[in-house]
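Chemist: Sharing a structure below in structure tokens format, with a few things to ask.
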Amino acid sequence: MTGYEANPIHLDLDDRFYRQVAPARFPQHRIRWRNDRAAGTVGLAGLDDDQWIDHFGRFHQLADNLRTPLALCYHGHQFGHYNPDLGDGRGFLFAQMKAEDGRILDLGTKGSGTTPFSRTADGRLTLKGAVREILATEMLEALGVNTSKTFSVIETGEALERHDEPSPTRAAVLVRLSHGHIRIGSFQRLRHLDDAEGIELLMRHTARHHFAGKLDATAPVNDLAPAFLAAVASRIANTAGAWMAAGFVHGVLNTDNFNVTGESFDYGPWRFLPHFDPGFTAAYFDHAGRYAYGRQPEASLWAVCRLADCLVPFGGTPPLEAALKDFYPQLEASLQRRLCWRLGIETTTEQGRDIAGALFVAAKSDQTSFPQILHDWYGGAKRRGIYDGDDWQGFANALAGATRLAQADNAVFDREAPVALPIERVEALWAPIAEADDWAPLYNAIDEIRRWGAALHGAGDVMPPAVPASE
């Protein structure tokens, strides 16, 4: 495996942070998705299909890596209510490697069987849920969002009973490639247990391995805590701004669903905006709209504040409050830069703020889909004659003077775009699989997303990088 470099850093921690578990045994193993593009970044693209199944369906150890999978320990606030009965209930950490860019990347699972945290659940994942996660991660990657990658999906031959889709339904085990699986909820659990030593150990571990060059992991803890909080907050603000620019609604922004590296992950009831609506929710059970599209910045800061709560023992509240003062400015800067990138323009910070504001005002009064709007104004001028009224004129005025970037390959961009994933399209891609085991429409859609993303990224790419460069 040329380029593969095992680096199981989680073993630096003790068993306060994880439980050793055994993977489920599945009756069948049928590869439905292998992400060779992602596998190439960690030296695993050369595995043949039998080896792939051996490692990512049966979970036999990768060379020099974790001998036993680890179910990670965490708590979290779920819709504002603290829940100490969490932890990896249907997944585990399987392997850790050094990527080609020098970062540590994890392989974690979903649907790999029960763990001590499963309670009454079966530890399984539906095949439809796995397909939805493939689509979410591929689309977000194309849009430059810092997201986990769906690395592997293997159908397991089991039939599951679920209340939210026709049952019995097919099962799968998913593997995701992610920049760490340490969550805000990982720290909350230690705070709940009054384990200040554990918080410090986990903070130094994260600083050393995930913020190398940015943070001094050996600094006095009262200095490290606010610096660590500021670094985490900056990453999460960047990602939240990217969600907003993408018109993406995560759906469940509980504190256990925030990775402290800022990477977006764990996709359940996600949606993309059908049209611009700040009150749009992705989860049918989010009755109060806590995690609506327009409230995602608020939810993100609220989650970061819960991390701050965990760090109060190290120097008190004032330094932590100071560490969070730039959260909204950083989120807004991320949003503005990314919107300008999607519009194919480059401009000053002040003008970017005006453009974003004018766009949201105009889009709110229009039923055109958000991706369609961004496509139609790509290059800084409208490409279709449907945008009338004072609000759209105000947006056009705000665009005046912006610098037009080198444009995407128009043949690809116009043919493929606007790439959008409304719920209707997701269901249309699932239907042939459910009815005739026909995967061609899904694979074709993924190819389309990747071609469009490549065209977009190849056009004068001044967008802030999805993944922060080595610091």
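The values are calculated or read from the model by the stated rules, or taken from the named source; none is laboratory data. Predicted model, so just to flag it, every value in this text is computed and none were measured. So basically every Cβ, Gly included, is an ideal-geometry build from the backbone, and we count neighbours across all protein chains shown.
Chemist: Report every pair of residues separated by at least 6 positions or lying on different chains whose Cβ atoms are under 7 Å apart, first residue within segment 190-218 and closer than 16 Å to Gly315 by Cβ, second among the aromatic types (Phe, Trp, Tyr) and part of a helix (DSSP H, G or I).
Modeler: Ile199/Phe187; Met203/Phe228; Ala207/Phe228; Leu215/Phe228
Chemist: Still on this structure: Exactly one condition in (1) among the hydrophobic types (A, V, I, L, M, F, W, C); (2) in a loop (DSSP other than H, G, I, E, B); (3) at pLDDT 95 or above is not met by Ala121; state its number.
Modeler: Unmet condition: (3).
Chemist: I need the full set of residues from segment 360-398 which are hydrophobic (A, V, I, L, M, F, W, C) and more than 21 Å from Leu273 (Cβ to Cβ), in order please.
Modeler: Selection gives Ala381, Ala396.
Chemist: How about segment 322-358: which of its residues are over 17 Å from Gly294 (Cα atoms), among the hydrophobic types (A, V, I, L, M, F, W, C), part of a helix (DSSP H, G or I) and out of contact with any Cys (no Cβ under 7 Å at 6 or more places or on another chain)?
Modeler: Ala322, Ala323, Cys340, Trp341
Chemist: Tell me yes or no: at least one residue of segment 48-64 is small (Gly, Ala, Ser) and on the phi > 0 side of the Ramachandran plot.
Modeler: No, every residue in segment 48-64 fails to be small (Gly, Ala, Ser) and on the phi > 0 side of the Ramachandran plot.
Chemist: Filter segment 1-42 for residues that are within 25 Å of the chain's Cα centre (by Cα) and aromatic (Phe, Trp, Tyr); which is farthest from Gly57 (Cα to Cα)?
Modeler: Among them, the one singled out is Phe17.
Chemist: Quick one: which residue in Gly198, Gly180 is modelled with pLDDT under 95 and either under 18 Å from Leu11 (Cβ atoms) or not in a helix (DSSP H, G or I) (or both)?
Modeler: None of the other options fit; the residue is Gly180.
Chemist: Do you know which residues across segment 1-56 are part of a loop (DSSP other than H, G, I, E, B), loosely packed, with under 15 Cβ neighbours inside 10 Å and of a type in the set (A, V, I, L, M)?
Modeler: Within segment 1-56, just Ala22 meets the criteria.
Chemist: Are any residues in segment 57-75 of a type outside the set (A, V, I, L, M, F, W, C) and either crowded, with 24+ Cβ neighbours inside 10 Å or touching a strand residue (DSSP E or B) at 6+ places or on another chain (Cβ under 6 Å) (or both), and if so, which ones?
Modeler: Matches in segment 57-75: Gly57, Asp64, Asn65, Thr68, Pro69, Tyr74, His75.
Chemist: Scan segment 232-276 residue by residue and report those that are among the acidic types (Asp, Glu) and at pLDDT below 95.
Modeler: Within segment 232-276, Asp266 is the sole residue that qualifies.
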